[in-house]
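To start, the structure itself, in structure tokens.
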Amino acid sequence: MAKRSLSRTILPTLLTYLGLAVGLVFAGFPILWMFFTSLKSNTEIFALPPRLLPDHFTNVAYLSIFNDPAKIRFFLNSYLVAGVVTLLTLLIAILTAYGFSRYSFRFKNTLNVFIISTQTVPPITLLIPYFGMVVAFGIFNTYFALILTYMVFTLPYAILLMTGYLNTLPRELDEAVLVDGGSSWTALWRVIIPLSVPGIVATAVYTFLLAWNEFLFALTLTKSMDMRTVPIGIELLMGQHAFEWNEMMAMSVLGSLPLLLLYLIAQRYFLAGMAAGSVKS
């Protein structure tokens, strides 16, 4: 009886750890391969049999990136575009979500349905229409075109996430501010926003991830090298006759670092914000 009870306890635990180990290897091995490949020479990458660790560690790929102003510009462009998109998305999403969460007005449900429906349209189907609009407006190959286009895709999700989070905060907080003589504006900036830090951080991290990783529109809406972002910079390392695999992996590592650091720093708020925003009060 005791053996049967013990097997019932140990077996699920072992299977759980086995599943976690398989998932860890599946998720982590490509990252390790990318990192160690960035420390190899381009010749050693194709050595047979393939090896994870390089025989001779070299930082030539990283030096090639840091010594090339054009490649540094890719990172500056990505930081600028992703940062501005995140700030503007947060500002508009907070104000819109506060309206949806605290007020009843005409066509409120219709607007909600419209915002949700925009998430069902595959971005690639909008590529040609956006390209035509950007050219017609005379903003092709500008930061403004990228920022405006990215916000079309980040705002719906940000509004939905922030509305879900604000719905978890009691309306009595707003009423207490109004009783004390404050306005709705005071309630929002002095009470609601300080209490919404987890939701705001979760929205900011997700928005930054989308803007930083975006490839298709950045490739289509920009032309000159000084407007390219990191994903396009990695693609440009694939030449007509040779691929600089070690530089591609080094740029991928450097491009992943901001996202990794951002997630590690904001992990606590990110998980709390995502969990709270997923619950409808």
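Couple of notes before you dig in:
- Residue among Leu216, Leu257, Leu209 that is modelled with pLDDT of 85 or more, out of contact with any Leu (no Cβ under 9 Å at 6 or more places or on another chain) and either open to solvent by 20 Å² or more (accessible area, probe 1.4 Å) or among the charged types (D, E, K, R) (or both): Leu257
- Every residue from the range 51-72 that is surrounded by fewer than 17 Cβ atoms within 10 Å (Cβ to Cβ), in a helix (DSSP H, G or I) and either of a type in the set (Phe, Trp, Tyr) or touching a residue at least 40 places away in the same chain (Cβ under 8 Å) (or both): Val60, Ser64, Phe66, Ala70
- Helices (runs of 4 or more DSSP H) enclosed by the range 140-246 - at least 2 residues per element that are outside the structural domain of Ile65 (by the TED database): none
- Inter-residue pairs, beta-carbon under 7 Å, first farther than 14 Å from Ile234 by Cα and in the range 73-87, second surrounded by fewer than 23 Cβ atoms within 10 Å (Cβ to Cβ) and among the small types (Gly, Ala, Ser), 6+ apart: Thr86/Ala204
- Complete set of residues in the range 137-162 that are over 23 Å from the mean Cα position of the chain (by Cα) and open to solvent by 80 Å² or more (accessible area, probe 1.4 Å): Phe137
A quick yes/no check of all residues on (1) under 18 Å from Ala218 (Cα atoms); (2) free of Cβ contacts under 8 Å to residues at least 60 places away in the same chain; (3) out of contact with any strand residue (DSSP E or B) (no Cβ under 6 Å at 6 or more places or on another chain); (4) loosely packed, with under 12 Cβ neighbours inside 10 Å:
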{"residue": "Ser117", "(1), (2), (3), (4)": "no, yes, yes, yes"}
{"residue": "Thr125", "(1), (2), (3), (4)": "yes, yes, yes, yes"}
{"residue": "Met133", "(1), (2), (3), (4)": "yes, yes, yes, no"}
{"residue": "Tyr165", "(1), (2), (3), (4)": "no, no, yes, no"}
{"residue": "Ala202", "(1), (2), (3), (4)": "no, no, yes, no"}
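- Some residue of the range 29-48 being closer than 18 Å to Leu254 by Cβ, over 24 Å from the mean Cα position of the chain (by Cα) and open to solvent by 90 Å² or more (accessible area, probe 1.4 Å): no
Here's the yes/no breakdown for (1) touching a helix residue (DSSP H, G or I) at 6+ places or on another chain (Cβ under 6 Å); (2) of a type in the set (Phe, Trp, Tyr); (3) not assigned by the TED database to the domain that holds Leu161:
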position	(1), (2), (3)
Phe46	no, yes, yes
Asn77	no, no, no
Ala82	yes, no, no
Thr86	yes, no, no
Leu95	no, no, no
Val113	no, no, no
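The values are calculated or read from the model by the stated rules, or taken from the named source; none is laboratory data. Every value quoted in this text rests on a predicted model; they were computed, and no experiment measured them. Quick reminder, even Gly has a Cβ in these numbers, built from the backbone with ideal geometry, and neighbours come from all protein chains shown. Just so you know, the surface numbers come from the protein's heavy atoms only, side chains and all, with ligands and any DNA or RNA stripped out. Shrake-Rupley method; radii C 1.70, N 1.55, O 1.52, S 1.80 Å.
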